[in-house]
Amino acid sequence: MSSKATQTQKLLLFRLSGSRLFGLGTLKIREILPFMHLTKLPHSHHAVIGTATFRGSAVPVIDMAAAVGYPPLTKEEQEKASIIITDIQRQEIGFLVRGVQQIIEADWKHVMPPPKALGDKAFITGLLDVDGDIIQLLDVELLLAKVYPESLNTDDVVLTDVQSGTLKSVNILLVDDSQVARKQLSDVLDSKDISYQVTSNGDEALQILLKDEELGRPIDILVSDIEMPGLDGYELTFNIRDNNTLKQPYIILHTSLNSEMSLSYANQVGANEALTKFDADELLQAMLRGTEQAG
């Protein structure tokens, strides 16, 4: 590869409460709609305000402000609000927001991780300075996990003794900036007693790869998110493929994005596979394919 992998990504900026701006990658977005009549959903989470009809399908709509801890939008505010229809983790979800601002181009290298002081309950994965305004990038996976806690339950996957033993014999590294995604990944491997290392960003992942190479135990399988502050999954993959001193791991880019464009770009930068979150069996089967290369 002769040039560094760079891909700016578009972010939709919007408001939930007051003037504070939040951001969401446009690859997750299907459409932005004005508020419409919603059909009530009985026995649902308090932030789920109903379902909207989108292209012939009923799509649940979440008051995003209420879901992350702000006061819910009043009936009067809802009339002036927008619904962002997203395609995340293999499902369509609508998010009601107070106001859509604009779409900007953003480079993930400039996204800063959130301060540790915010703790594990902050619904943001990164911060971006845009002309002096600090944009908060929402952790949609965490938001959905709070609204739909049952989504965290991973179906038990059956592995043969040979398959389990094969995965236990390789060095696995997981990287994802979303605490929910890290938990899902870890739970799957923990349930099979498979050891691994895990980190929350691409820069730390690259350091682990280099360190383990020096120690003579190179990483065999890397499972990485795409959208991350600092070194994103695309650039992490490129940096690994461009480093002749590393034993090349089997790289699985694992993303909440359903966009064909994002998956196609993953292959261009050198990933072996690109999977949409979250299917435990699909992920383990991909890792098993990776063990064939490691062997």
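Evaluation of LYS109 against the conditions (1) surrounded by 17 or more Cβ atoms within 10 Å (Cβ to Cβ); (2) in contact (Cβ under 8 Å) with a residue 40 or more places away in the chain shows that the sole unmet condition is (1). Within segment 89-106, if we keep just the residues that are part of a loop (DSSP other than H, G, I, E, B) and in contact with a helix residue (DSSP H, G or I) (Cβ under 8 Å, 6 or more places away or on another chain), the residue that is most open to solvent (accessible area, probe 1.4 Å) turns out to be ARG98.
All of (1) within 29 Å of ILE134 (Cβ to Cβ); (2) in contact with a Gly (Cβ under 9 Å, 6 or more places away or on another chain); (3) open to solvent by 30 Å² or more (accessible area, probe 1.4 Å) hold for ILE62 with one exception: (3).
Taken over segment 150-167, the criterion of being polar (S, T, N, Q), assigned to a loop (DSSP other than H, G, I, E, B) and within 15 Å of PHE278 (Cα to Cα) is satisfied by ASN153, THR154. Scanning segment 34-83 for residues that are of a type in the set (Gly, Ala, Ser) and farther than 20 Å from GLN136 by Cβ gives SER44, GLY50, ALA52, GLY56, SER57, ALA58.
Cβ separations smaller than 6 Å between residues 6+ apart or across chains give the following pairs from segment 73-88 residues that are part of a strand (DSSP E or B) to residues that are open to solvent by 10 Å² or more (accessible area, probe 1.4 Å) and among the acidic types (Asp, Glu): ILE85/GLU31.
Considering segment 32-59, and only residues there that are among the β-branched types (Val, Ile, Thr) and over 12 Å from VAL147 (Cβ atoms), the residue that is least open to solvent (accessible area, probe 1.4 Å) turns out to be VAL59.
Scanning segment 181-192 for residues that are under 21 Å from PHE123 (Cα atoms) and basic (Lys, Arg), we see that the one that is least open to solvent (accessible area, probe 1.4 Å) is ARG182. Is it the case, given these coordinates, that GLY126 is part of a strand (DSSP E or B), closer than 16 Å to ASP63 by Cα and either in contact (Cβ under 8 Å) with a residue 12 or more places away in the chain or of a type outside the set (A, V, I, L, M, F, W, C) (or both)? Spelling it out, it is not the case that GLY126 is part of a strand (DSSP E or B), closer than 16 Å to ASP63 by Cα and either in contact (Cβ under 8 Å) with a residue 12 or more places away in the chain or of a type outside the set (A, V, I, L, M, F, W, C) (or both).
Condition check: among the hydrophobic types (A, V, I, L, M, F, W, C), closer than 17 Å to TYR70 by Cβ and open to solvent by less than 90 Å² (accessible area, probe 1.4 Å). Does VAL130 satisfy that?
no
The residue list SER195, SER178 contains one member that is touching a residue at least 12 places away in the same chain (Cβ under 8 Å) and surrounded by fewer than 18 Cβ atoms within 10 Å (Cβ to Cβ), which is SER195.
The values are calculated or read from the model by the stated rules, or taken from the named source; none is laboratory data. A quick note: this is a predicted structure, and the numbers were derived from the prediction, not measured. All Cβ positions, glycine included, derive from the backbone under ideal geometry; neighbour counts span all protein chains shown. The area values use the complete protein model at the heavy-atom level, side chains included, leaving out ligands, DNA and RNA. Shrake-Rupley method; radii C 1.70, N 1.55, O 1.52, S 1.80 Å.
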